[in-house]
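Asks: Have a look at this one before I ask anything.
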Amino acid sequence: MIRILLIEDDDISRAFLAEALAASEAAVTASGGFTEALRHCSDNRFDLIVSDIRLGDGTLYELAPRFPAGTPVLATTAQLDAGVRARLAAVGVDSVLGKPATVNEIRRMVERMLARAVYRAESLVFDETHALKALGGNGAALRSMKSLFKLELPEMAGKIRHAFEGGDTDAIHALLHKLKASCGFLGANRLLEACMQLDQQPDPKRLECFMQTLDETLASL
């Protein structure tokens, strides 16, 4: 069962959105504010978070980085322009839906976002078939490269976090460029995707998602 957390403080909007989301055959937990929503996040795992931008106890700009890393976030707003989209993307919001929206529009957006999340969850940590093909079937070379990769990853993670904390975006992009090349050679699909997401938008939420994926990759080596 898909689980969706809905955050909306207007009673009518919350009731409408809850019905629309439930039409996607999802279990919906509705919250009237961010404080309550964060409590729900600490006690439950959600597949998607749908939230208004401004509520009585805060804004999505402030709170989105505190949502669980890796959980897609859909913002709903009546003020839909390029500036709003850019600010939301900068704090890790994945998509934006304008208000008012029809039930069908909401369902289509939710289905697209959940499909992307499922693809990521099911993507291989290592696609050895791809890697062996690139190496001409040389299994010994692949094992050697994976050993080097295992040694490289912790140092690379430290450098990326250091660059992020120092606000050095040029260094972040350069490090990710190098790591993406290694991931491509080895078929490290999940980490490659996390690299691309962080490279596209280096925000705290995507950094933590990247670090989690890096840990998963290390554990599989």
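Asks: Determine the gain in length on full extension of the stretch GLU155-MET1; use 0.36 nm per residue of separation and subtract their C-alpha separation, reporting nm with one decimal.
Replies: Net length gain for the segment: 51.6 nm.
Asks: Could you name the lysines whose alpha carbon sits less than 22 Å from that of LYS146, not counting residues in the same chain fewer than 8 places away?
Replies: Within the straight-line limit of under 22 Å, LYS146 reaches these lysines: LYS133, LYS159, LYS178, LYS180.
Asks: Something else: Place the peptides 158-166, 92-100 in order of packing, highest mean first, counting for every residue the other Cβ atoms within 10 Å and averaging per peptide.
Replies: 92-100, 158-166
Asks: With point charges of +1 on the Cβ of Lys and Arg and -1 on the Cβ of Asp and Glu, referenced to the Cα centre of the chain, which listed residue (LEU60, ALA15, LEU148) lies farthest in the positive direction of the dipole?
Replies: The listed residue farthest towards the positive side: LEU148.
Asks: Determine, for ARG39, ARG108, ARG190, the number of other Cβ atoms within 10 Å of each Cβ, and report the residues in order from fewest to most.
Replies: In order of increasing Cβ crowding within 10 Å: ARG39, ARG108, ARG190.
Asks: Related question: Karplus couplings for the range 38-55 from phi (6.51 cos²θ - 1.76 cosθ + 1.60, θ = phi - 60°), rounded to Hz, Gly and Pro as x?
Replies: 5, 5, 4, 5, 6, 9, 9, 9, 10, 8, 7, 10, 10, 9, 5, 7, 10, 10
Asks: Separate question: How much net charge surrounds LEU198 when only other residues with a Cβ under 12 Å from its Cβ are counted (Lys, Arg +1; Asp, Glu -1)?
Replies: That sum, taken over residues with Cβ under 12 Å, equals 0.
Asks: Taking 0.36 nm per residue of separation and subtracting the Cα-Cα distance, what length does fully extending ALA141 through LYS99 add?
Replies: 9.7 nm
Asks: Just for the chain, what percent of DSSP beta bridges are antiparallel, to the closest 5?
Replies: Approximately 10 percent, going by the DSSP bridge assignments.
Asks: Using the Cα centre as the reference, give the magnitude of the dipole from point charges on the C-beta atoms of the range 2-122 (Lys, Arg: +1; Asp, Glu: -1; all else neutral), rounded to the nearest 20 debye.
Replies: That gives the range 2-122 a dipole magnitude of about 400 debye.
Asks: Percentage of Cα-Cα pair distances in the range 128-220 greater than 19 Å, rounded to whole percent?
Replies: Of all Cα-Cα pairs in the range 128-220, 36 percent lie more than 19 Å apart.
Asks: Turning to a different aspect of this structure: Treating only the Cβ atoms of Lys and Arg (+1) and Asp and Glu (-1) as charged, compute the dipole magnitude of the chain about its Cα centre; round to the nearest 20 debye.
Replies: 700 debye
Asks: Mind pulling the per residue volume of the convex hull built on the Cα atoms of the chain? Å³ is fine.
Replies: 131 Å³
Asks: What translational diffusion coefficient, in µm²/s and rounded to a whole number, does the Stokes-Einstein relation yield for the range 2-122 at 25 °C and a viscosity of 0.890 mPa s, taking the hydrodynamic radius as the Kirkwood radius over Cα pairs?
Replies: After rounding, the answer is 173 µm²/s.
No lab work stands behind these numbers, since they all come straight from the coordinates. These figures come from a predicted structure and were not determined experimentally. Methodologically, a virtual Cβ is constructed for each residue, glycine included, from the backbone with ideal geometry; neighbour enumeration extends over all protein chains shown.
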